[in-house]
Ligand SMILES: [Zn+2]
Ligand SMILES: [Zn+2]
């Protein structure tokens, strides 16, 4: 099983093999800023299951865990496609929206509920 995540323009491509180790939905402000949406969803894959092609730039931000997060985005269209949580150095996180695949496995957890927009989960 291979799935392809891309930026908006398609230049930055991340091919993931096998099933994600974990899929996590996050309501935190940093994920809201990353996505421009009300929450972010990360699919975690082992590094050896991820193949990255195309140009990218990176941006590091701190996190509440004390370990920074290194986000990688397309230099042309600006979409963040994947990131490296320094707390989990053997993992690559890929934005689930970058797959644009409604059959992608659903999140198994949601975190930072205190930042959840109250309508999330009620409209759909
Ligand atoms: Zn792009
Ligand atoms: Zn978050």
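Read-outs throughout are calculated quantities, based only on the coordinates presented, and are distinct from any laboratory measurement. Just so we're clear, the structure is a prediction, and the values are computed from it rather than from any experiment. Reconstructed Cβ throughout: ideal geometry from the backbone, glycine too, with neighbour counts over all protein chains shown.
Tell me the mean residue ellipticity at 222 nm calculated for the chain from its helices only (DSSP H runs of n ≥ 4, each -39500 (n - 2.57), averaged over every residue, nearest 500).
Rounded to the nearest 500, the figure is -1500 deg cm²/dmol.
Between residue 67 and residue 117, 0.36 nm times their residue separation minus their Cα-Cα distance comes to what?
Additional length available on full extension: 15.4 nm.
Determine, for 6, 80, the number of other Cβ atoms within 10 Å of each Cβ, and report the residues in order from fewest to most.
Lowest count first: 6, 80.
Between residue 108 and residue 8, what is the spin-label point distance in nm, taking each point 7 Å from the Cα along the Cα→C-beta axis?
Placing both labels 7 Å along Cα→Cβ, they lie 3.3 nm apart.
Please grab the % of Cα pairs in region 2-99 that end up more than 18 Å from each other.
Result: 40 percent of Cα pairs exceed 18 Å.
How much FRET efficiency would the formula 1/(1 + (r/R0)^6) give for residue 51 and residue 90, where r is the Cβ-Cβ distance and R0 is 25 Å, rounded to 0.05?
Once rounded, the FRET efficiency stands at 0.95.
What is region 2-99's relative contact order, in percent, from Cα pairs under 8 angstrom and six or more apart in sequence?
31 percent
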